[in-house]
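The values are calculated or read from the model by the stated rules, or taken from the named source; none is laboratory data. Worth saying up front: this structure is predicted, and the values here are computed from it rather than measured. So basically every Cβ, Gly included, is an ideal-geometry build from the backbone, and we count neighbours across all protein chains shown. Heads up: the accessible areas ignore ligands, DNA and RNA and are worked out on the full protein's heavy atoms, side chains in. Shrake-Rupley method; radii C 1.70, N 1.55, O 1.52, S 1.80 Å.
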Amino acid sequence: MAALPSWIDMLTELVSHRSISSANPDLDTSNEAVIDALATWAESLGFRCQKLPVSPGKFNLLATLGEGAGGLVLSGHTDTVPFDADGWDSDPFVLTQRDNRLHGLGSTDMKGFLALALTAVSELNPKHLREPLILLGTADEESSMDGARALAQAGYPRARFAVIGEPTGLVPVRAHKGILMERIQINGQSAHSSNPDLGVSALDAMHRVIGELHDYRNELKADQVDPGFSVPWPTLNLGCIHGGDAPNRVCSDCALDFDLRPTPGLDPDRLRAQIDARLAQVAEQTGADIRRTPLFEAVPPFGNPGGALLDHCAELTGHAPITVGFGTEAPFLAALDMEVVVMGPGSIDVAHQPNEYLPIDQAQQSMGIIKQLIQKHCL
Ligand SMILES: [Zn+2]
């Protein structure tokens, strides 16, 4: 059996494999090389590996050690965001050490966590697990979250607990808001402006729709207060609007894009239904055709109401759990009935930008924490 490379050597290889996910097909690349490298290392440690196709060129890796119910998932996405070559002081695909930091695209967000998790397992050398340990590598977290969506739909992995090693400075994260982005398209009837009654103004209807959205926003703000967030209620932002073409024509088409960031406990589909009910009223009042379509599939909000894993992470790190502003795959794993905590080395503040890095001391600290998590929940 080949010896497992050091975590820095593994991270060097993982960073060298481009695995960019982007809605722009010119930038998007496969994550297969990252998945294959992880699978090779995991198999050398005795994991049973399943390479699960998500879409052409995109795969999840499900690597399982041990059998039975319960257990712990250590999860990381295998993709990165696109990069801006001019801003980097070194090649983003060559892991480069400067000032006790490992620089490279995906070093902290979040290939580092996967290399550290493998090394933690190898140092424990677990022969007999009481409960299974599952290493999960996902596809397309940075774009569509299709990897995590596919897992939630397929109904696995099943375990008691899951830690997602996103860069949180090793502070346990218990909640984040969700993200919906929606378009409202209104079609009316054009007419000469001198006799507006011959037409149906999409702009006038949109004026009413915006009024409804303002009312809805105020209701959410009053009824859905969550003091755990710095902005302690759901936000609804009217982001852009397009409509009409001439002052002497009744406007026949108008479109509005908005985003809505729900607090934990608010189901995206229920929010959409509430908005649709308001839109239906305006359609009836105005005679305009009003349709809402999602601009992308929603990321649901995530909230861990408190549990054994959250307590353990707080105890191991000495940090009280926090909420964050960015979305993760946590709601999809939580939908599989696992208690989920988001916690990993490095900082989100240096992710998604040139010279992204993983601090070596925090990486080493996280290895100790991963070992203790495995010890407590699997051994
Ligand atoms: Zn990430």
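A few notes on this one:
- Of note, residue 168 satisfies the criterion of being at pLDDT 95 or above, closer than 19 Å to residue 310 by Cα and hydroxyl-bearing (Ser, Thr, Tyr).
- Residues that are out of contact with any Gly (no Cβ under 9 Å at 6 or more places or on another chain) and either farther than 21 Å from residue 352 by Cβ or among the aromatic types (Phe, Trp, Tyr) (or both) within region 13-41 comprise 13, 33, 36, 37, 40, 41, listed in sequence order.
- When the residues of region 86-116 are filtered to those that are away from the ligand (no atom under 16 Å from the Cβ) and in contact with a helix residue (DSSP H, G or I) (Cβ under 6 Å, 6 or more places away or on another chain), the one that is nearest to residue 352 (Cα to Cα) is 93.
- Filter result for residue 119 (more than 16 Å from the ligand (Cβ to nearest atom), out of contact with any strand residue (DSSP E or B) (no Cβ under 6 Å at 6 or more places or on another chain) and among the hydroxyl-bearing types (Ser, Thr, Tyr)): yes
- Residues within region 317-369 that are aromatic (Phe, Trp, Tyr) and at pLDDT 95 or above, tallied: 2
- Tally of residues being open to solvent by less than 10 Å² (accessible area, probe 1.4 Å), of a type in the set (D, E, K, R) and not in a strand (DSSP E or B) across region 161-205: 1
- If the condition is being open to solvent by less than 10 Å² (accessible area, probe 1.4 Å), within 16 Å of the ligand (Cβ to nearest atom) and of a type outside the set (Asp, Glu), then region 356-379 contributes 358, 363, 366.
- Count of residues meeting criterion [buried (at least 24 other Cβ atoms within 10 Å of the Cβ) and either over 18 Å from the mean Cα position of the chain (by Cα) or β-branched (Val, Ile, Thr) (or both)] in region 135-160: 2
- Test: residue in region 236-245 that is assigned to a helix (DSSP H, G or I) and open to solvent by 30 Å² or more (accessible area, probe 1.4 Å): no
- Of the numbered criteria (1) within 19 Å of the chain's Cα centre (by Cα); (2) away from the ligand (no atom under 15 Å from the Cβ); (3) at pLDDT below 95, the one residue 303 fails is (3).
- Pairs linking a residue in region 352-379 that is assigned by TED's automatic domain parsing to the domain that holds residue 84 and in a helix (DSSP H, G or I) to a residue that is open to solvent by 50 Å² or more (accessible area, probe 1.4 Å) and not hydroxyl-bearing (Ser, Thr, Tyr), with Cβ atoms under 6 Å and 6 or more positions apart or on different chains, are 360/100.
- On inspection, residue 90 does not qualify as among the polar types (S, T, N, Q), assigned by TED's automatic domain parsing to the domain that holds residue 325 and open to solvent by less than 10 Å² (accessible area, probe 1.4 Å).
- Test: residue in region 290-313 that is open to solvent by 20 Å² or more (accessible area, probe 1.4 Å), in a strand (DSSP E or B) and of a type in the set (Val, Ile, Thr): yes
- Candidate set from region 206-219 (those that are open to solvent by less than 70 Å² (accessible area, probe 1.4 Å) and touching a residue at least 24 places away in the same chain (Cβ under 8 Å)); member that is farthest from the chain's Cα centre (by Cα): 206
- Note on region 314-355: residues that are open to solvent by less than 30 Å² (accessible area, probe 1.4 Å) and either within 15 Å of the ligand (Cβ to nearest atom) or among the aliphatic types (A, V, I, L, M) (or both) amount to 20.
- Some residue of region 268-283 being acidic (Asp, Glu) and either in the same structural domain as residue 360 (by TED's automatic domain parsing) or open to solvent by less than 40 Å² (accessible area, probe 1.4 Å) (or both): no
- Count - residues of region 46-62 that are surrounded by 14 or more Cβ atoms within 10 Å (Cβ to Cβ), outside any loop (DSSP other than H, G, I, E, B) and touching a residue at least 40 places away in the same chain (Cβ under 8 Å): 7
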